[in-house]
Amino acid sequence: MFKSLNLKNIILMTLISIICGTIFWIAGFLYNIVTIALTPMGLAPLANDLLIGLWTMAGPLSGYIIKKAGSSLIAEVLGSFVEMFWGGQWGASTVISGIEQGIASELGFTILGYKIYGWVSIISTTITTTIITFIWDWFRNGYSAYSYQMLILLFITRLVSIFVFNGILTKLIANLLEKSTILK
Amino acid sequence: MILINPSIKLITVLIIALEISFTQSTITNILIVLIGFLYLLINNKITWNALLILLLAIIPTVGIFMSQNMYGTAAMGNILVTRLYAYITLGLTFTKTTTIQELGLSLEQNLKMPTKFVYGFMGGFNLINYVKQDIADIKQAAHFRNINLHFWSPSLYFKAILSAIRYAELLSEGMESHGFSEQAYRTHYKKIALNKSDYSKATFILLILQISIVFI
Amino acid sequence: MLQIENLNYQINKNWILKNVNLKFPKNSISIIQGPSGCGKSTLLKCIAKLYPKHSNGKISGNIKLNNVQNFNNLSVNNFCKEISIMFQNPNYQFAMSTVEEELIFTLENLQIEPNLIGTKIINALKFCNIESLKKRKINTLSGGEKQKVSLAIIYAMNSNIILLDEPFVNVDINSQKFIIHKLNELKETKTIIIVDHNAAKYNHIADYYYKFDEQNLNFKITELNQSELNKVSNFTIKRNNQNKNDLITLDNFQLSSGTKSLLNIKHFSFKNGITLLTGDNGTGKSSLFKAILKRQKYIGEVLINQVSINKIRSKKFYKTIGLIFQQSDTQFIKITVKEEMELSSKQTKNCFYSDKQIQTMLVKAGLDGILNRVIYTLSEGQKKKVQIISMLIMSNPILLLDEPFNGLDDTSFNQMVDILTYAKNHFNQNMIIISHQTKGLEKLVDQQVQLKNHKLIEIGSDSN
């Protein structure tokens, strides 16, 4: 499956992760500020769901640019290594999250056989990413201890965040690249 | 100085991180933090940067406590917080004692990872400063046209990726001009050793982890 | 002996090279000259087997080394032992972090026995006098140092043929002289082919000169044109400098790049009008622009119209001063030429140009026919023109231009000089122009400032 990715692709995926990381550096501050703001209401984990669309952007973005099997997954994993060495605030879990989020967004493209990249694919990647990451967090991040109202709030927030950043923003970027004909 | 083979170290750290993701032993987590801290101390790697990262973790820590107290359970709160610090310490024990260079060589020589991944990643990673400069240029070019580009502006990513595509082309040409090709045999100047002792060290650590989780 | 036979290269439907027939004898240095954007680099990359692989062009014809055809059967690492190449922009040629690591990487790729690698590295560094750079991170080196590292790697690869593609674009004069001297040494055992838009610097070491034939899209052998040697020179300024206001003032100003000191100025003012800023490569002209635009740290004070730049609010700052980047691509925000122009028209605050004047400019520059083209598909020259005009429309009272004439053919150069002169005369726009080409700028430029020995000096003024 990973045979068709060539050297140029891999360099590009690494760079895309760095780009997302650089642009989100500001958003990283945002995460901390939003967390602090939401803490008194006990809604701090919401910060995670609000911004998750940003963290997972490198995957689908790579998927649209390098339309090959494995590009989302590898991009997320490479990105997690970049983040870990670059000053990761979340330590070793970064790589594990990277793998998990990579699989989640990769499946969105796999379902469509890596052939459909229009607005349909936005729906499929949004759904797979939201559901899989949510299930993961259920087991891993103590979501299982929350009341069901809280869970619904977290789920909806996550869905919207992923739809806006992984879906809409990513597709807009891909459209611009298409228009510039640089993706021969 | 390499005390334990980088690939084995990485795999061990990841296995530990994965295991504690699904187990709920607060004591194990605290143990990991302490041992990790000790490891860093021995290797003289407690830098200001490391302390800053540990300090920053207070923000999500307080957040988790409040949230679990109000909508969850206190026990879960303890688990999550200690787990968070365990993750961070684990990450630091790895990144502060291994360079990307060493990890790359180890992945190539010991895990036989395809060289296109190892060197493609390293090559890309070494362009970090150029990418950062680029993004600052793009933002300023927008300012010259009285436009502000933010993290929600598609144009910002579009321009940055345009540059990235060009860099990837230039770098792959550059690497080929220095003799690199995918799947070709390469000699190795610095050998990264992989000994039985690496395996036994890893097994020992993981064994202690299991004991801690099950019995304590 | 390297032979090119009937080489053709085309991209989509456009011919880049047609029927190129060249012979490069052993132990010689050949210079291939031609304006920017012609097929010279393409030729080198075809010889280096990088094209058409890394491009979307089609190639036909033969490239023979010692009458062995095509070397298509040689693997990449064996090919590098025959032919190696130095690129124009060394920033993206290195995969590894330090000089030593890149040398190791290369020699490992070439399957050199590990116990021989250490010695080869020492010899390569010695050859280029860069032993002190062994553990340095490559992205902290100057342009000249990076090319010396490139040369050391080429030396270590020990190829019989060495290609250099515009190697000195960002290299300071001392490094340039050193590298040329070293190439002369290498000539004794190797064949060297250098592509450069200006051949004058090689007149002591070159054996053959070729010039690009635009009609036939191939290369003709030629003699070194003596007039080439005079393209870069100071010209005397006829206007007087009285009644000139201070535009940009530097007070107790120090600028450095890493540990290297670039500028050390007690007091200097750029005057209003059009200033030409010259100086050798790597002396800090672009860095000076960066400092003025608050992108680089400096010591001291920078004042625009007597106000410190730190006290000017962002919006006002960008309304007052603009920059034309050295790389065209960096400037563009939109996709098509039309969109780019419309963006400027919409966003300008000072509105120098009426729609009619903009249209006139576009026609003069030959851009009116390509308004719907995607900017990124244009030639370098066309991009430059779009870049310049889109920033002129923004109507900044002060415009900084970083090598705005790079890549322009003679016709385009004259068009742009006319357009800039129009801006000067009709809107009193002030400009500081960095340009290594000075011929043809006489009617545009009011004064010339040179960056030399870490200082700024007004040329041709009374106080010289």
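The numbers here are math on the coordinates, done by the rules we state, and not lab data. Keep in mind that this is a model prediction, so the values were computed, not measured. For neighbour counting, all protein chains shown are included, and Cβ atoms are generated from backbone atoms with ideal geometry for every residue, glycine included.
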- Flagged in the range C:109-129 as more than 8 Å from chain B (Cβ to nearest Cβ), closer than 23 Å to residue C:147 by Cβ and without any contact (Cβ under 8 Å) to a residue 40 or more places away in the chain, in numbering order, are C:120, C:121, C:122, C:123, C:124, C:125, C:126
- Working only within the range C:4-27, note down all residues that are more than 24 Å from residue B:170 (Cβ to Cβ) and surrounded by fewer than 16 Cβ atoms within 10 Å (Cβ to Cβ). C:5, C:6, C:13, C:15, C:19, C:21, C:23, C:25, C:26, C:27
- How about the range C:1-47: which of its residues are part of a strand (DSSP E or B) and either among the charged types (D, E, K, R) or within 22 Å of the chain's Cα centre (by Cα) (or both)? C:5, C:16, C:18, C:23, C:30, C:31, C:32, C:33
- Message: Please list, ordered by residue number, the helices (runs of 4 or more DSSP H) wholly in the range C:309-422 having 3 or more residues that are surrounded by fewer than 20 Cβ atoms within 10 Å (Cβ to Cβ).
- Response: C:314-320, C:337-347, C:355-364
- Within the range C:69-98, restricting attention to residues that are in a helix (DSSP H, G or I) and either in contact with a strand residue (DSSP E or B) (Cβ under 8 Å, 6 or more places away or on another chain) or among the aromatic types (Phe, Trp, Tyr) (or both), which residue is nearest to the other protein chains (Cβ to nearest Cβ)? C:92
- Task: Working carefully through the options B:86, B:74, find the one that is in contact (Cβ under 8 Å) with a residue 40 or more places away in the chain and not acidic (Asp, Glu).
- Result: B:86
- Item | the range A:20-45 - residue that is of a type in the set (Val, Ile, Thr) and touching a residue at least 12 places away in the same chain (Cβ under 8 Å) and, of those, nearest to the other protein chains (Cβ to nearest Cβ) | A:35
- Query: From C:121, C:112, C:117, which residue is outside any helix (DSSP H, G or I) and more than 15 Å from residue B:175 (Cα to Cα)?
  - Reply: C:112
- Task: Only helices (runs of 4 or more DSSP H) wholly contained in the range A:87-177 count here; list those with 2 or more residues that are among the hydrophobic types (A, V, I, L, M, F, W, C) and under 18 Å from residue A:76 (Cβ atoms).
- Result: A:93-111, A:119-140
- Is it true that residue C:132 is out of contact with any helix residue (DSSP H, G or I) (no Cβ under 8 Å at 6 or more places or on another chain) and more than 12 Å from chain B (Cβ to nearest Cβ)? yes
- Item | Unmet criterion (only one of (1) out of contact with any strand residue (DSSP E or B) (no Cβ under 9 Å at 6 or more places or on another chain); (2) over 18 Å from residue C:372 (Cβ atoms); (3) facing chain B (nearest Cβ under 8 Å); (4) aliphatic (A, V, I, L, M)) for residue C:333 | (2)
- Answer from C:142, C:132 - the residue that is of a type in the set (Ser, Thr, Tyr) and either buried (at least 17 other Cβ atoms within 10 Å of the Cβ) or in contact (Cβ under 8 Å) with a residue 12 or more places away in the chain (or both): C:142
- Consider residue B:132 against the criteria (1) farther than 30 Å from residue C:111 by Cα; (2) surrounded by 21 or more Cβ atoms within 10 Å (Cβ to Cβ); (3) charged (D, E, K, R): it satisfies all of them except one. Which criterion is unmet? (2)
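This table checks each residue for (1) part of a loop (DSSP other than H, G, I, E, B); (2) crowded, with 21+ Cβ neighbours inside 10 Å; (3) aliphatic (A, V, I, L, M).
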| position | (1), (2), (3) |
| --- | --- |
| B:160 | no, yes, yes |
| B:165 | no, no, yes |
| B:169 | no, no, no |
| B:198 | no, no, no |
| B:201 | no, no, no |
| B:206 | no, no, yes |
| B:214 | no, no, yes |
- Scan the range A:10-58 for residues that are touching a Gly at 6+ places or on another chain (Cβ under 8 Å) and either among the charged types (D, E, K, R) or more than 18 Å from residue B:153 (Cα to Cα) (or both) and report the count. 13
